[in-house]
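Report on one structure; see the data block that follows.
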Amino acid sequence: MSRLDLHLHTTHSDGSLSPADVIGLAYKAGVTALAITDHDITTGIQDAMATAEPLGIEVIPGVEISSQQGESEIHILGYFIDWQEVEFNARLAALRASRHRRNPLIIEQLQALGIDITYAEVRTLAGTDSVGRPHIARVLMEKGVVTSAKEAFDRYLAQGKPAYIPRELPSPVEAIQWIRAAKGLAVLAHPTWVKTTEGTLTDVVRLLKAAGLDGVEVHYSTHTARQTREYLSLAKQVNLLVTGGSDFHGLTKPDIEVGIGKGTLHVPDSLLLTLKQAAGRL
Ligand SMILES: [Zn+2]
Ligand SMILES: [Zn+2]
C-alpha cells in the first residue's frame with residue numbers, strides 16, 4: 001500500500017533525526033511520497049532528496065512558517081516551493097535570527113527581576129534541542145524558583161508576564177505571500193491549533209483564502225475522525241486543497257510515527273495528483 005506523509009521535521013529544525021534517517025523510516029513505513037517541512041528552513045531538503053531517490057521515494061520540497069495572528073500562532077506549510085530561491089531563504093533566515101535573539105532577552109529580563117539564571121545554563125539543559133521557553137521553565141524549576149512549568153509560564157514567561165518577550169513573527173498573510181512568491185502552495189497546518197477570538201475557524205480560513213491560501217491540512221496525527229470530517233467539509237466549503245501529514249519530530253514527539261502518526265493517520269495518495277496539478281508540476 002502506498003502512503004503519503006506531507007509533514008515531517010528533521011534535525012534541520014526541531015526534529016531529532018537527520019533527513020536520511022527520516023527517509024529510512026518512511027521507506028520502512030511504505031511511504032512513497034513525502035514532504036520535508038522543517039520550521040523556517042529549507043536546508044534539509046537536499047539530503048532528503050539524495051537519500052530518497054535511489055529508494056524510489058518522491059520528496060516534495062516543503063517548509064513550515066510560524067506566523068502570528070492576535071493571540072494565535074498559525075503555522076503555514078509551503079509545498080513545491082522553489083527552495084533554493086534567494087529572497088525566500090533570506091526571509092526565513094531573518095525569522096530564525098529573531099527566534100535566537102529572543103531567548104537571551106528573556107534571560108536578561110529574569111535577571112533584572114533578581115532571579116539567578118544564565119543563558120549558558122539553559123543552553124546546557126537544552127542540549128541539541130533548539131532553545132525555547134520550555135527549557136527556561138525547566139531551569140527555573142530545577143533552581144526552585146517555581147514548582148512547575150505551568151507556574152514558570154503563569155508568573156514569568158507567558159504573554160503579559162514580566163519576562164515575556166514577543167517573537168517577531170510575520171502575519172499568516174505575509175507567510176502565505178512569501179510561499180507564493182517562491183512558487184509554492186500555501187497550506188494552513190493543523191487547523192485544530194488555531195485559536196479564534198472573533199468569528200469562527202471558517203471566517204479565519206476565508207480571510208486567508210482571500211490572501212492566497214491554497215489548502216488546509218485535513219489529515220493530521222492528532223485529529224479525531226470527527227475533526228477530519230469537519231476539516232474536509234471546511235476545505236470543500238471554502239474551495240481549498242486537502243493535504244495531510246504526521247508532523248513527525250522523532251524523540252521530540254515520541255508517540256508520532258512517520259506515515260501513520262499515532263497509528264490511525266491515513267493520507268490518501270490521490271491527494272498528491274491534485275496538489276501537483278494546482279502547483280503546475282505535472
Ligand atoms: Zn506546526
Ligand atoms: Zn510541524
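Could you say which residue among T196, T252, T202, T222 is within 16 Å of ligand 1 (Cβ to nearest atom) and touching a helix residue (DSSP H, G or I) at 6+ places or on another chain (Cβ under 8 Å)?
T222
Which one is farthest from ligand 2 (Cβ to nearest atom) among residues in segment 157-180 that are out of contact with any Gly (no Cβ under 9 Å at 6 or more places or on another chain) and among the basic types (K, R)?
Going through the qualifying residues, I end up with K161.
Restricting attention to helices (runs of 4 or more DSSP H) lying wholly within segment 181-282, give those where 1 or more residues are under 21 Å from the mean Cα position of the chain (by Cα), away from ligand 2 (no atom under 16 Å from the Cβ) and touching a residue at least 60 places away in the same chain (Cβ under 8 Å).
Of the helices (runs of 4 or more DSSP H) lying wholly inside segment 181-282, those with at least 1 residues that are under 21 Å from the mean Cα position of the chain (by Cα), away from ligand 2 (no atom under 16 Å from the Cβ) and touching a residue at least 60 places away in the same chain (Cβ under 8 Å) span 201-210, 270-279.
Hey, could you check segment 12-22 for residues that are without any contact (Cβ under 8 Å) to a residue 40 or more places away in the chain and assigned to a loop (DSSP other than H, G, I, E, B) and say which is nearest to ligand 2 (Cβ to nearest atom)?
H12
Would you tally the residues in segment 39-73 being at pLDDT 95 or above and either of a type in the set (A, V, I, L, M, F, W, C) or away from ligand 1 (no atom under 14 Å from the Cβ) (or both)?
Final tally of qualifying residues: 23.
For segment 43-71, name all the residues that are in a loop (DSSP other than H, G, I, E, B), touching an Asp or Glu at 6+ places or on another chain (Cβ under 9 Å) and more than 15 Å from ligand 2 (Cβ to nearest atom).
Result: G70, single match.
Given the criterion crowded, with 20+ Cβ neighbours inside 10 Å and closer than 30 Å to A225 by Cα, identify the matching residue among A163, A175.
It is A175.
Only residues that are of a type in the set (A, V, I, L, M, F, W, C), more than 16 Å from ligand 1 (Cβ to nearest atom) and not in a helix (DSSP H, G or I): list them for segment 154-180, please.
Once the filter is applied, which keeps residues that are of a type in the set (A, V, I, L, M, F, W, C), more than 16 Å from ligand 1 (Cβ to nearest atom) and not in a helix (DSSP H, G or I), segment 154-180 yields A158, A163, I165.
The values are calculated or read from the model by the stated rules, or taken from the named source; none is laboratory data. Fair warning: this is a prediction, and the values are worked out from it, not measured in the lab. Counting neighbours? That spans all protein chains shown, and the Cβs are built from the backbone with ideal geometry, glycine included.
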